[in-house]
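In what follows, a single structure is set out as structure tokens and then discussed.
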Amino acid sequence: MSSKTILISGASKGFGRAWTEAFLEKGYQVAATARNIDSLADLKAQYGDAVLPLKLDVNNRADSFAVVEKVHQHFGKIDILINNAGYALNGAVEEASEEEARAQFETNFFGTLWLTQAVLPIMRKQQSGHIIQVSSILGIAALPVLGLYNASKFAVEGLTETLASEVKQFGINVTLVEPNGYATDIWGHGFNSESIDAYDGLKKAIIDGHDPDTFGKTSATVPAIIKLVEAETPPLRLFLGKVAFPLAKQVYEQKLATWEEWADVSVAAHG
């Protein structure tokens with residue numbers, strides 16, 4: 001197990017930081033990317049050559065490919081890619097500007113796509129590998145005033161399901177990690193669309209109805225991620241947290257009920 005080489009994006013904070021520390025403690029080799037790698041200096045000092053901090057803005061496709069090549073040259077292989085970089089844009093769908101909407105997808109969807117594309121030739125040649133995409137329960141069950149974030153994670157879900165069916169033949173495993181809410185910086189960095197008064201009541205109701213117990217502790221995800229990266233046959237999907245599965249089950253039961261109610265109309269539309 002100690003020979004695993006992991007490339008993880010968004011490693012400076014939140015899940016990325018917690019998981020990077022855990023991988024290093026387990027004796028893995030870790031290439032840890034972030035926009036600002038100063039926050040990784042302590043890990044470099046502690047773990048030396050086992051960690052390779054690399055500056056990366058995942059929005060840049062050329063830089064993503066260059067970083068993957070650098071990691072491969074440095075460690076000689078890449079066993080696991082964890083696409084963790086991302087953020088959440090807060091605001092109703094109507095409130096999002098074009099710039100905000102495109103930026104959300106550039107990071108959450110295209111950033112994931114670029115690193116995935118970059119690592120695939122290496123893993124195909126190895127005839128092995130594991131690509132882990134950090135999605136969200138909000139890639140399965142949408143919540144109001146997070147529309148663009150929801151949409152970006154739904155896109156990651158569709159991309160990754162397709163990817164899994166394409167690369168299985170090469171010995172490459174693919175997993176969608178779908179956390180419910182966690183107390184990370186993803187929610188608190190001021191990524192808010194300009195407010196429209198008509199949505200103030202909805203936003204207030206959401207804030208007033210918030211239950212802190214629905215948010216998990218980041219550190220509690222570590223054993224699950226270690227188990228995932230060490231699994232011989234990892235699952236396509238893995239929820240993190242106690243809220244995700246009940247919410248997904250509720251949402252899919254509602255979808256099935258609607259589809260069944262309209263089934264006659266659907267079949268008639270076939271011609």
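Cβ separations smaller than 8 Å between residues 6+ apart or across chains give the following pairs from the range 251-269 residues that are under 27 Å from I137 (Cβ atoms) to residues that are assigned to a helix (DSSP H, G or I) and modelled with pLDDT of 95 or more: W259/S266. Here G171 clears all of (1) under 16 Å from the mean Cα position of the chain (by Cα); (2) surrounded by fewer than 21 Cβ atoms within 10 Å (Cβ to Cβ) except the condition numbered (1).
Give the number of residues within the range 205-247 that are under 29 Å from L163 (Cβ atoms) and either open to solvent by 90 Å² or more (accessible area, probe 1.4 Å) or out of contact with any His (no Cβ under 8 Å at 6 or more places or on another chain) (or both).
Let us first name the residues in the range 205-247 that are under 29 Å from L163 (Cβ atoms), namely 216, 218, 220-247.
Subset that is either open to solvent by 90 Å² or more (accessible area, probe 1.4 Å) or out of contact with any His (no Cβ under 8 Å at 6 or more places or on another chain) (or both): 216, 218, 220-228, 230-233, 235-247.
Total satisfying the criteria: 28.
Kindly indicate whether E157 is more than 19 Å from the chain's Cα centre (by Cα) and without any contact (Cβ under 8 Å) to a residue 24 or more places away in the chain. Taking the combined requirement at face value, the residue does not satisfy it.
Taking the stated definitions as given, is Y87 of a type in the set (F, W, Y) and either in contact with a Cys (Cβ under 8 Å, 6 or more places away or on another chain) or more than 20 Å from S135 (Cβ to Cβ) (or both)?
Working: of a type in the set (F, W, Y): yes; either in contact with a Cys (Cβ under 8 Å, 6 or more places away or on another chain) or more than 20 Å from S135 (Cβ to Cβ) (or both): no.
For Y87, the condition - of a type in the set (F, W, Y) and either in contact with a Cys (Cβ under 8 Å, 6 or more places away or on another chain) or more than 20 Å from S135 (Cβ to Cβ) (or both) - is not met.
Scanning the range 88-119 for residues that are part of a helix (DSSP H, G or I), over 20 Å from G10 (Cβ atoms) and touching a residue at least 40 places away in the same chain (Cβ under 8 Å) yields V93, E94, E95, A101.
Residue under question is G111, and the condition is that it be under 16 Å from the mean Cα position of the chain (by Cα), among the small types (G, A, S), open to solvent by 10 Å² or more (accessible area, probe 1.4 Å) and at pLDDT 95 or above; does it hold? Steps first, answer last, please.
Details: under 16 Å from the mean Cα position of the chain (by Cα): yes; among the small types (G, A, S): yes; open to solvent by 10 Å² or more (accessible area, probe 1.4 Å): no; at pLDDT 95 or above: yes.
Answer is no for this residue.
Only a single criterion out of (1) over 30 Å from E98 (Cβ atoms); (2) hydrophobic (A, V, I, L, M, F, W, C); (3) modelled with pLDDT of 95 or more is not satisfied by A183, namely (3).
Of the candidates N192, N150, the single residue that is touching a helix residue (DSSP H, G or I) at 6+ places or on another chain (Cβ under 9 Å) and surrounded by 18 or more Cβ atoms within 10 Å (Cβ to Cβ) is N150. Of note, V267 does not satisfy the criterion of being open to solvent by less than 40 Å² (accessible area, probe 1.4 Å), more than 17 Å from the chain's Cα centre (by Cα) and β-branched (V, I, T).
How many residues are of a type in the set (S, T, N, Q), within 15 Å of the chain's Cα centre (by Cα) and assigned to a helix (DSSP H, G or I) if we restrict to the range 120-145? Even if it seems obvious, please write down each step before you answer.
Keep residues of the range 120-145 that are of a type in the set (S, T, N, Q), which gives 126-128, 133, 135-136.
So of that shortlist, the ones also within 15 Å of the chain's Cα centre (by Cα) come out as 133, 135-136.
Checking which are assigned to a helix (DSSP H, G or I) leaves us with none.
So the count comes out to 0.
Evaluation of S135 against the conditions (1) touching a strand residue (DSSP E or B) at 6+ places or on another chain (Cβ under 7 Å); (2) open to solvent by 70 Å² or more (accessible area, probe 1.4 Å) shows that the sole unmet condition is (2).
The values are calculated or read from the model by the stated rules, or taken from the named source; none is laboratory data. Owing to the predicted nature of the structure, the values given are computational and were not obtained by experimental measurement. So basically every Cβ, Gly included, is an ideal-geometry build from the backbone, and we count neighbours across all protein chains shown. Just the protein is used for accessible areas: all its heavy atoms, side chains included, with ligands, DNA and RNA removed. Shrake-Rupley method; radii C 1.70, N 1.55, O 1.52, S 1.80 Å.
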